[in-house]
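Below is one structure; the comments refer to it alone.
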Amino acid sequence: MMRKGGPSWAVTITHDVAMNFALYVGCCFGFISKSMYSGRVPLWPYKQLGDYSDSNLSRQWESWWTQLIHERSSNLSNGVLNPINSLFYPPEFSDLGDGQLTNCCIEAWPLFSSWWEMPAGGRSAMAYWESVPNVINIVHKFEQKEGKNVKDFRLHIDLVYTGVSERIELRQNYVIMALDIQQLIEESWWMQKLRQIG
């Protein structure tokens, strides 16, 4: 957004298929369990897709998730909105090596992909939620409260369907959050965030 004669700012709200798929795998194979998740959005159901008995598998998944989000954050901080993550090459997932996590991903991909491509679900639903926060009104309200115009800033928000209980803020201008209406429109969070960056 740009105000004539004033600062320019941008809030981008989008979704990333790699992060959503990683969380889908986490839910399907029980790496994200109800006991460790306190979010309001229901988890994808656990599915017994295969017999994966490696006790390190949960740690491998967690490491993969962490690498995915840090690579995404790094790309964005360098001004690169790269839709292709170097740790996400479906449907073979050769980037993950020959371990059981690769097999989990191969097994889960067709189920996730069919949901992701549904006309009324998946990425179509995600696109709807991207427009829920009325960012122009939020910035206007902030300016009224603070009695000044915002400074130049950029804020990128990646939405994930479920699997994260709280917002993940890897940098001041990069946030990951679930499709949780309360998180998306929480005024106090928006005001605090704009004070940090705007």
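Might you check whether a residue that is free of Cβ contacts under 8 Å to residues at least 12 places away in the same chain and touching an Asp or Glu at 6+ places or on another chain (Cβ under 9 Å) occurs anywhere in the stretch 122-132? Within the stretch 122-132 (the criterion being free of Cβ contacts under 8 Å to residues at least 12 places away in the same chain and touching an Asp or Glu at 6+ places or on another chain (Cβ under 9 Å)), the answer is yes, since at least one residue qualifies.
Out of the stretch 102-123, which residues are farther than 22 Å from Leu57 by Cβ, surrounded by fewer than 19 Cβ atoms within 10 Å (Cβ to Cβ) and under 20 Å from the mean Cα position of the chain (by Cα)? Hits for the stretch 102-123 are Ser114, Trp115, Glu117, Met118, Ala120, Gly121, Arg123. Taking the stretch 161-191 as the range and being surrounded by 19 or more Cβ atoms within 10 Å (Cβ to Cβ) and of a type in the set (Asp, Glu) as the test, only Asp180 passes.
Tell me, please, whether a residue that is closer than 30 Å to His140 by Cα and either at pLDDT 85 or above or hydrophobic (A, V, I, L, M, F, W, C) (or both) can be found in the stretch 16-38. Yes, some residue in the stretch 16-38 is closer than 30 Å to His140 by Cα and either at pLDDT 85 or above or hydrophobic (A, V, I, L, M, F, W, C) (or both).
Restricting attention to the stretch 107-124 and to residues that are of a type in the set (A, V, I, L, M) and over 13 Å from Tyr24 (Cβ atoms), the residue that is modelled with the highest pLDDT turns out to be Met118.
Filtered by the rule that a residue be modelled with pLDDT of 90 or more and either outside any helix (DSSP H, G or I) or under 15 Å from the mean Cα position of the chain (by Cα) (or both), the stretch 63-72 gives Trp64, Trp65, Thr66, Gln67, Leu68, Ile69, His70. Looking at the structure I just gave you, is Val139 within 28 Å of Leu57 (Cβ to Cβ) and not charged (D, E, K, R)? The answer is no for Val139.
What is the residue count in the stretch 100-121 for residues that are among the charged types (D, E, K, R) and free of Cβ contacts under 8 Å to residues at least 40 places away in the same chain?
Of the residues in that region, 1 qualify.
Candidates Leu155, Leu194: the one that is of a type outside the set (Lys, Arg), assigned to a helix (DSSP H, G or I) and crowded, with 19+ Cβ neighbours inside 10 Å is Leu194.
The values are calculated or read from the model by the stated rules, or taken from the named source; none is laboratory data. On a predicted model such as this, the values are computed, not experimentally measured, just so you know. Heads up, the Cβs are rebuilt from the backbone with ideal geometry, glycines too, and the neighbour counts pull from every protein chain shown.
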